[in-house]
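One structure is given below, encoded as structure tokens.
The values are calculated or read from the model by the stated rules, or taken from the named source; none is laboratory data. None of the values given here were measured: they were computed from a predicted structure. Glycine gets a Cβ as well: all are built from the backbone with ideal geometry, and neighbour counts include every protein chain shown. For the accessible areas, the whole protein counts, side chains as well, though only heavy atoms, and no ligand, DNA or RNA atoms are used. Shrake-Rupley method; radii C 1.70, N 1.55, O 1.52, S 1.80 Å.
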There are 2 protein chains.
Amino acid sequence: MTTPQRETSDGTVGRTLAVLDLVAEFGRPVRFAEILPKAGLPKATLYRFLQTLARQDMLAFDDNRQTYAPGMRLVRLAHSAWAQSSLAPVAQDVMDRLAREIGQTVHLAQLDNGAVLYVDKRNARQPVEMFAQSGKVGPAYCTGVGKAMLAHLPEDRLAQAIARQSFHAHTDRTLRTPEALRDELTRIRERGYALDDEEHEVGIACIAAPILSGNGRVIGAISVTTTTATTSREQLLALAGPVKEAAAQIAAAADTWRFPEHKQA
Amino acid sequence: MTTPQRETSDGTVGRTLAVLDLVAEFGRPVRFAEILPKAGLPKATLYRFLQTLARQDMLAFDDNRQTYAPGMRLVRLAHSAWAQSSLAPVAQDVMDRLAREIGQTVHLAQLDNGAVLYVDKRNARQPVEMFAQSGKVGPAYCTGVGKAMLAHLPEDRLAQAIARQSFHAHTDRTLRTPEALRDELTRIRERGYALDDEEHEVGIACIAAPILSGNGRVIGAISVTTTTATTSREQLLALAGPVKEAAAQIAAAADTWRFPEHKQA
DNA sequence: CATTAGGTTCCAAATAGTGAAACTCAGTTT
DNA sequence: AAACTGAGTTTCACTATTTGGAACCTAATG
């Protein structure tokens, strides 16, 4: 896993939120004693933070099992965040169209602290797995969307991001070094799209394009995922056009996007 | 809208999170000056809080327009919350089956601070509107899921919850008083399901059942929504059986649910 | 050019946060 | 059954952080 390493001291609030992250990272309800060593805080301090977070509904405390897990207040807040700050609402229509056209799984992602944050998804078939996917994070160095975004990062931010990659060899095609990654990024910039050829998971390939705002900054990426069992490399490459076009459309939409004047629901 | 009125002073963290809520409530990016009057905090203090939240990625600050909106960190955190603390993962299968069986929109909700928090949804047709729905909040006094849950609240919590309802008359069938609501709740307890007969929106009706844990506490509710144009009252009432059964199955699943031992993804 | 209003910074006073240590309460173990 | 252990909770004197009134910047505006 990548180390978060956010602005370390933002006073009490920063420290408390760091604990919240820590609990979330576990991915399962955790006990006080499990958090303590990872938090690097005095027992009493951590205790107070957890209490506060729980009272604030940012954490849910299970009385029986004595475990902490991220709380429901976050779900409410995230809905606002997703609707207001993510690319998802802007990209809605393009995502729908692309998914319908190609009939494959489509992902929309943004870069977050050197990791890929998926913000929306259209499934190949099943209507299942709703929110299950939005908010999910994944590695940048071995995914199509991740590499597409890294390729267009300015050098300073790229260096930071690369420093955060784990370069864990998920498959034997995974890029294992910063150098290999940088080479790949150059190639991606040249051809305008990124490929993930079973670098993250055997049997899964995808093609991704960066979404670049008017001033040239990466604001996200979009990808189409296929299985090597059902789709040849040629067929995958043939999708470069549509994917790049979709990315361009989302970029255009984002540039003109003004937040719609809602009435308070 | 209902007043949140959370534990007011939890020190700096509590006050800061209250500001976060405030910003989220706007439902659109807001400027400092718009927040100031609503926050009831000194200018300098509010300013510092917003700075902190933005630096922490809990808020996103738009440099050009000088607006604050909920930040992406919330989306990441909420994914954990949704997967760990909500009923959604437990209810997955039942939701899928019910939606397939009835072919109508199905909602899964939990009670949050006197309001309804939708945590999952299956759409009638289109595969659209992902996360768009999870995390959404709605009123309790005029929705099927809301009333179903209120009906099974212990008196003290019920009184609190009722005090938070706005009793705004969305339609001419909306219940307008605590008394009318309490009567309705008694009826709901008797028959085991709740109806929303165009009380929230004209043309929309739904039937909902509470999800009760082993010890009799409400842990959520499930509903099927239909339009009066396409579904008669009789047809809607005929769904009571399947909906109640689904609720019972989710309750059973929740009672046995142990969080699956994930490997860190 | 004076005025206002949104936004930002200062800094002494006051408050809220800190954490070592002591305590509680189940389960052990001897 | 007394002593031990380890997880969780509380205390309290010390101190670092937070606080907010007021002053200070800008742009816009009349």
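Take A:Asn64, move 7 Å from Cα toward the beta carbon, and the resulting point lies 5.2 nm from the same point in each other copy, nearest first. Using equal-weight Cα scatterers in the Debye expression, the normalised intensity of segment B:11-75 in log10 at q = 0.12, 0.19, 0.21, 0.30 Å⁻¹ is -0.24, -0.62, -0.77, -1.65. Along its principal axes, segment A:1-119 has C-alpha extents of 56, 32, 24 angstrom, given from the largest down.
Between B:Asp183 and B:Thr230, 0.36 nm times their residue separation minus their Cα-Cα distance comes to what?
Net length gain for the segment: 14.0 nm.
Across segment A:205-211, coupling constants 3J(HN,Hα) worked out from phi with the 6.51/-1.76/1.60 Karplus curve, θ = phi - 60°, read 10, 8, 10, 9, 10, x, 9 Hz, and Gly and Pro carry x. Counts of other chain beta carbons within 10 angstrom of each beta carbon in peptide A:16-28 average 5.
Rounded to the nearest 0.05, the FRET efficiency derived from the C-beta distance between B:Tyr47 and B:Asp93 at R0 = 51 Å is 0.55. Relative to 2.2 N^0.38 Å, what does the C-alpha radius of gyration of segment B:86-256 come to as a ratio? Two decimals please. The value comes to 0.94.
Ellipticity at 222 nm from helices only: DSSP H runs of n ≥ 4 in the protein assembly as shown, each -39500 (n - 2.57), divided by the residue count, give -14000 deg cm²/dmol. Taking 7 Å steps out from each Cα toward its Cβ at A:Ala159 and B:Asp156 produces label points 5.9 nm apart. Other residues whose C-beta falls under 9 angstrom from the C-beta of B:His107 contribute a net charge of +1, scoring Lys and Arg +1 and Asp and Glu -1.
Across segment B:40-110, the convex hull enclosing all Cα atoms gives 158 Å³ per residue. The three principal axes of the Cα atoms in the protein assembly as shown give end-to-end lengths of 70, 52, 44 Å, sorted in falling order. When peptides B:152-158, B:63-69, B:114-120 are ranked by their average number of other Cβ atoms within 10 Å per residue, the highest-first order is B:114-120, B:63-69, B:152-158. Which entries of A:Lys121/B:Lys244; A:Lys43/A:Lys136; B:Lys43/B:Lys136; A:Lys38/A:Lys147; A:Lys38/A:Lys136; A:Lys121/B:Lys121 have Cα-Cα distances beyond 20 Å here? Exceeds cut-off: A:Lys121/B:Lys244; A:Lys43/A:Lys136; B:Lys43/B:Lys136; A:Lys38/A:Lys147; A:Lys38/A:Lys136. Think of a 1.4 Å ball rolled over the protein heavy atoms: segment B:154-265 then has 54 Å² of accessible area per residue. Find out how many positive minus negative residues lie around B:Glu184, taking Lys and Arg as positive, Asp and Glu as negative, among other residues whose Cβ is under 12 Å from that of B:Glu184. Computed value for this residue: +1. A cut-off of 5 Å between modelled amide H atoms, ignoring neighbours fewer than 5 places along the same chain, links B:Val116 with B:Gly138, B:Ala140.
Peptide packing: for B:141-151, B:20-30, the average count of neighbouring Cβ atoms within 10 Å per residue gives the ranking B:141-151, B:20-30, highest mean first.
Calculated FRET efficiency, A:Asn215 and A:Arg176, Cβ-Cβ r, R0 41 Å, to nearest 0.05?
Step by step, r from the Cβ atoms, then E = 0.75.
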